[in-house]
Amino acid sequence: MHTPHSPRPADPLDLLELDSLLTPDERAVRDAVRTFCDRRVEPHIAEWFEQGEIEDIRGLTKELGELGLLGMHLEGYGCAGMSAVDYGLACLELEATDSGLRSLVSVQGSLAMYAIHAFGSEEQKEEWLPRLAAGTAIGCFGLTEPDSGSDPGSMRTTARRDGDDWLLDGRKMWITNGSVADVAVVWARTEDGVRGFVVPTDTPGFSAPALKHKMSLRASVTSELVLDSIRLPGSAVLPEVRGLRGPLSCLNEARYGIAWGAMGAARSSFRAALTYSGDRVQFGRPISSFQLTQAKLTDMALELAKGTLLAFHLGRTKDDRGLRPEQVSYGKLNNTRAALEICRTARTVLGANGISLEYPVIRHANNLESILTYEGTVEMHTLMIGQALTGQAAFR
């Protein structure tokens, strides 16, 4: 005979009780990252965004390493070796504070470190991964170019043999962490196809001027990489991969984290709207009592829960048997679009206050304009899913 449980009080931020899907260890990871962000970053993030720079980024990166967040889903070499769900929860909490913070961690772990971990030599792994995991070194990932974004196969950066060495020439654009990085994983054309190179940033001919005048991801370092006849030893090439499979597999790691992270930005904006609507009084009543406001809050809550469930399912699937590229595209496409719409709707609930950095909403909305584009545009992820549905490649 079924014995009914006594009803639990509803949590407006989790009406579906998605928290019950997490194990105690997963909750501990989530809580540790949330506590760190609340203590270390939240008090400063609006000012950093307004100023366009992170105060003491090297100190912050080292603290992230001490918490085990850098390359946390990788095994060995000082990495934490945690699950895909653990990593996703960390991304959600980081991006609930700011997309720039999650980008720092994502580029370090899912792009630079993952490339070396998956395709590097033992020497490369031992030289760089422990330092990158500890946050005592910062990494970046050079794929996008001024004239090559969605079509990386058209890259112009080249690497050619010169005796036992390699000579690299080219430009990379929109590179997170670039001007503060100690090492760059750079992809270039060679006579044997696209190859990856581990490039110490103190190599003569390497420079990384910071990109200014951004209105998005302002609490994040974004740079151009300039490669002027950089001479590297033969050991600098990543030995275990040739062709675009290398960089694209790295991008899939980063895109997976974005599916979680976007829901963090959405949650932060939804929470701000929910709280504000209960406090803001118009016509003698809190605006949360009006039907139109409740419709907005309901729509935001629905999309937030659905996106979080999708991220959670992808995480469990990744841990169980891995993800196909189109499955990652589902998460990146749906959740970035949904998060941006949640932020825009939250902005309308806050009215004029929605554009103030006293609240997180406009900052998240601006950041998500970048997240919508990087690691694969809406158009490219749409066509990747379309190809999986039809068997036809529409983008070639």
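The values are calculated or read from the model by the stated rules, or taken from the named source; none is laboratory data. Treat the numbers as computed from the prediction; the structure is a model and nothing was measured. FYI the Cβ positions are ideal-geometry reconstructions off the backbone, even for glycines, and counts take in every protein chain you see. In case anyone asks, the SASA skips ligands and DNA or RNA and just uses the protein heavy atoms, side chains included. Shrake-Rupley method; radii C 1.70, N 1.55, O 1.52, S 1.80 Å.
If the condition is being charged (D, E, K, R), outside any loop (DSSP other than H, G, I, E, B) and closer than 14 Å to Leu304 by Cα, then region 6-32 contributes only Asp19. Of the helices (runs of 4 or more DSSP H) lying entirely inside region 99-201, those containing at least 1 residues that are surrounded by fewer than 24 Cβ atoms within 10 Å (Cβ to Cβ) are 114-119, 122-134. Residues that are in contact with a strand residue (DSSP E or B) (Cβ under 9 Å, 6 or more places away or on another chain), of a type in the set (Ser, Thr, Tyr) and surrounded by 15 or more Cβ atoms within 10 Å (Cβ to Cβ) do not occur anywhere in region 355-368.
Consider Gly170 carefully, then state whether it is at pLDDT below 95 and more than 21 Å from the chain's Cα centre (by Cα). Against the criterion (at pLDDT below 95 and more than 21 Å from the chain's Cα centre (by Cα)), Gly170 does not qualify. Counting only residues that are under 10 Å from Ser329 (Cβ atoms) and in contact (Cβ under 8 Å) with a residue 24 or more places away in the chain, which one in region 379-396 is surrounded by the most Cβ atoms within 10 Å (Cβ to Cβ)? Here the residue is His381.
Entry remark, region 241-257: residues being open to solvent by 10 Å² or more (accessible area, probe 1.4 Å), touching a residue at least 40 places away in the same chain (Cβ under 8 Å) and either within 24 Å of Asp86 (Cβ to Cβ) or in a helix (DSSP H, G or I) (or both) number 6 in total. The set of residues in region 56-67 that are crowded, with 21+ Cβ neighbours inside 10 Å and within 26 Å of Phe312 (Cα to Cα) comprises Leu64, Gly65.
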